[in-house]
Amino acid sequence: MSIVFGILVFEMSYLLLLMVPLPFAIRQKLVNGSVKLNQSRNFKSAWAFTTFVLGLQFVDCLQKLQKYSNSESFASASQFGGARYDQLASKFYSQRNLYITGAVLYLEVSIVTVVTILKKLVLKEESYRAATNTQTSSIAGHTDSQKEEAAELRKLIKQKETDIAVLKKQLEGAQKQYDSLNESEVRSKAD
């Protein structure tokens, strides 16, 4: 059980390391290392063997707990006095082993899921950085035609802004005309 507990502590530490917001370069190395490790045949074999053994231990703990869940076994042990404490201790150890192996198996699934998500996140970050670098390099190398095009666009934007201002004035005039048609009641824009 010491080895299983060591695996549990390692998995918790590794998952914590994956979840901590790290700089991009460190996160990229961590994810790439995890991906390369998952592609190794030796690692896959060891991981599958460990998962299989822990699964067997988990099932064994469940079977022991089902045996101790019978109230008849406790009733028959209480007649002999001391045997009940042995059964209680064995039940406690089975529960402990069940929780530890269950946690290890759950963390294995969690780590695989988190590494998959982080791999996608790192790929998106890499593509974003590549796009940003190409965009900044293209901005730095403006030609005269691009500068002229930018000036034309600025001129067009100013013209559209003046058109919007004129339309707002026309709307206000139309609203005043509409309000003046009905002289019996005083109306405002809110009506």
Return the total of residues in the range 120-142 being at pLDDT 80 or above and of a type in the set (Gly, Ala, Ser).
3
Give just the number: which of (1) at pLDDT below 90; (2) in a helix (DSSP H, G or I); (3) open to solvent by 60 Å² or more (accessible area, probe 1.4 Å) does Phe80 not satisfy?
(2)
Under 9 Å between Cβ atoms, which residue pairs at least 6 apart in sequence (or on different chains) link something in the range 1-29 that is under 18 Å from Lys124 (Cβ atoms) and of a type outside the set (Gly, Ala, Ser) with a partner that is open to solvent by 100 Å² or more (accessible area, probe 1.4 Å) and not in a helix (DSSP H, G or I)?
Arg27/Pro21
Given the criteria open to solvent by 100 Å² or more (accessible area, probe 1.4 Å), at pLDDT below 90 and of a type in the set (Lys, Arg), does Lys147 qualify?
yes
Considering every residue within the range 100-117, establish whether at least one is over 30 Å from Gln28 (Cβ atoms), among the hydroxyl-bearing types (Ser, Thr, Tyr) and either surrounded by 14 or more Cβ atoms within 10 Å (Cβ to Cβ) or modelled with pLDDT under 85 (or both).
yes
Could you grab the pairs with beta carbons closer than 6 Å, sequence gap of 6+ or different chains, first residue in the range 93-108 and assigned to a helix (DSSP H, G or I), second one open to solvent by less than 40 Å² (accessible area, probe 1.4 Å) and charged (D, E, K, R)?
Leu107/Glu11
Identify the residue in the range 10-45 that is of a type outside the set (S, T, N, Q) and not in a helix (DSSP H, G or I) and, among all such residues, is surrounded by the most Cβ atoms within 10 Å (Cβ to Cβ).
Leu22
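The values are calculated or read from the model by the stated rules, or taken from the named source; none is laboratory data. Keep in mind the model is a prediction, meaning the values are calculated, not measured. Using ideal geometry, Cβ is built from the backbone for each residue, glycine included, and neighbour counts are taken over all protein chains shown. The area values use the complete protein model at the heavy-atom level, side chains included, leaving out ligands, DNA and RNA. Shrake-Rupley method; radii C 1.70, N 1.55, O 1.52, S 1.80 Å.
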